[in-house]
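Participant: Quick one: structure below, then a few questions.
FYI, it's all coordinate maths here, none of it is from the lab. What you see is a predicted model; the values in this text were computed from it and never measured. In this analysis, Cβ positions are derived from the backbone assuming ideal geometry, glycine residues included, and neighbour counts consider all displayed protein chains.
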Amino acid sequence: MTTALRTLGLVAAAFIMSSCSLFKDDEEKELEPTKLVDFETKVNVKRLWRTKIGDGAEFLLVALQPASDGNRLYAASRNGNVVALDPETGKAVWRTELEMDLSAGPGVGEGLIVVGASDGMLIALDADSGAELWRANLTGESLARPVIKDGTVVAMTIDNRLRAVSAFDGAERWTVEQSTPTLTMRGSASPVLVGTSVVAGFDNGRLVAVNIATGDTEWEAMLSPPTGRSDLERLSDVDGLISVVGQDIYASGYQGSLVALASESGQTLWTREVSSFEGVSADWNNLYTVDEEGVVIALTRRTGDESWRQNALIRREPTVPIAFQTTVVVGDLEGYLHFFSNFDGDPVARVRAGSKAVSMEPVVVADRLFVQGDDGSVTAYVIQQPKRPDNAPDISDEDA
């Protein structure tokens, strides 16, 4: 979710907007999104298909993005449509119309598709047929994808509670609550699974590991300590993508730091001063994030040393970068997908996914890239490899 959109959720936004007339024309231009510039395309990105799943969600700050179980692709729209798609063609295998405003999901696992609604309901569907199985009232809106493991569904709600219900019937199992600051950003970090634990970020700047079976807190880590005198200065939400590689956890907080933690203890492995509420993505070697101004940054995963930074998307509301083959992909406020080299951050391709913003990061499944736009569409892409010349020698024959 994007910087400007989240900021609209703050009480302080009213003051900021009322002060716009005080800026001079040249100062206003400085605050405009960076204009896109031409470059040499070095990677051939091909769109495979595009399908409309329902109404869009522009400016609504919802957490709707595709998910896969390895066989089908699942997606949900703001106006209550949940669909199973053939990832090869984009054709619907089934469609369920829930006739309610959805705000998060889908979460996928153990034969379930789970979505969150704006009225606080959590709804589970059968992954094979789309039939509704149960509903559970969480009493709070969810803006984070639910996770499912060991017969338990875990969801984060905007009242700073991590809630678990039975995957069988939606019965409540446990709740973990943290203190809520006076002022917070609109949004929540999706919980992540690490072994028998679920790790979640909270609006008070803490990252917490909870035993998924019992709800017992295993450790807490202060990721983004509140500082300053005013409520605005003390914002420290952990709302962005949390990544796990092996036994290491990577997360970031607003007006705080990007931190690497040991999953078994919560011990800090290293920390870097990067303020981001978009979060952190990872591949085996690198971490990728975007700071509050829109600067895309790559760091080495083991040490946190900066590898490169890319300033082309400042104030373009970029999503967190996602690794895709030899590139990292970023969506922006105008519906563009930007592909940068994962080696040096140079731009290598650009395509437009739709007419509205891409607010949630793209999703990679095998060799496919899937993106859900704020216009209610889902689009699939591949990177085409250069064709081999007909007269190219057969290396395998030469080695033989």
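Participant: For the range 62-172, with the dipole built from +1 on Lys and Arg beta-carbon atoms and -1 on Asp and Glu ones, taken about the Cα centre, which of 129, 80, 96 lies farthest toward the positive end?
Facilitator: 80
Participant: Just order 359-368, 75-84 by mean Cβ neighbour count inside 10 Å, highest at the front, would you?
Facilitator: By packing density, highest mean first, the sequence is 75-84, 359-368.
Participant: Sticking with this one: Compare the peptides 287-299, 203-215 by average per-residue count of other Cβ atoms within 10 angstrom and give them in order, highest first.
Facilitator: Per-residue Cβ counts within 10 Å, averaged per peptide and sorted highest first, yield 287-299, 203-215.
Participant: Treating only the Cβ atoms of Lys and Arg (+1) and Asp and Glu (-1) as charged, compute the dipole magnitude of the range 80-167 about its Cα centre; round to the nearest 20 debye.
Facilitator: 260 debye
Participant: Also, I was wondering about something else. Could you order the peptides 300-311, 113-124 from most to least packed, using the average number of other C-beta atoms within 10 Å per residue?
Facilitator: Result, highest mean first: 113-124, 300-311.
Participant: Distance between Cα centroids, the range 90-110 to the range 242-320: provide it in whole Å.
Facilitator: Taking the Cα centre of each part, the range 90-110 and the range 242-320 sit 30 Å apart.
Participant: With a ≥ b ≥ c taken as the square roots of the eigenvalues of the C-alpha gyration tensor of the range 62-172, please select rounded if a/c is under 1.5 and otherwise prolate if a/b is larger than b/c or oblate if it is not?
Facilitator: prolate
Participant: 7 Å from Cα along Cα→Cβ at both residue 268 and residue 217: what's the point-to-point distance in nm?
Facilitator: Taking the two extended label points, one gets 1.8 nm.
Participant: Oh, and also: So, R0 is 30 Å and r is the distance between the beta-carbons of residue 40 and residue 309; what FRET efficiency does that work out to, to 0.05?
Facilitator: It comes out at approximately 0.90.
Participant: Continuing with the same structure: Pairs of alpha-carbon atoms within less than 8 angstrom and 6+ residues apart define the contacts here; what relative contact order does the range 62-172 have, in percent?
Facilitator: The normalised contact order for the range 62-172 reaches 19 percent.
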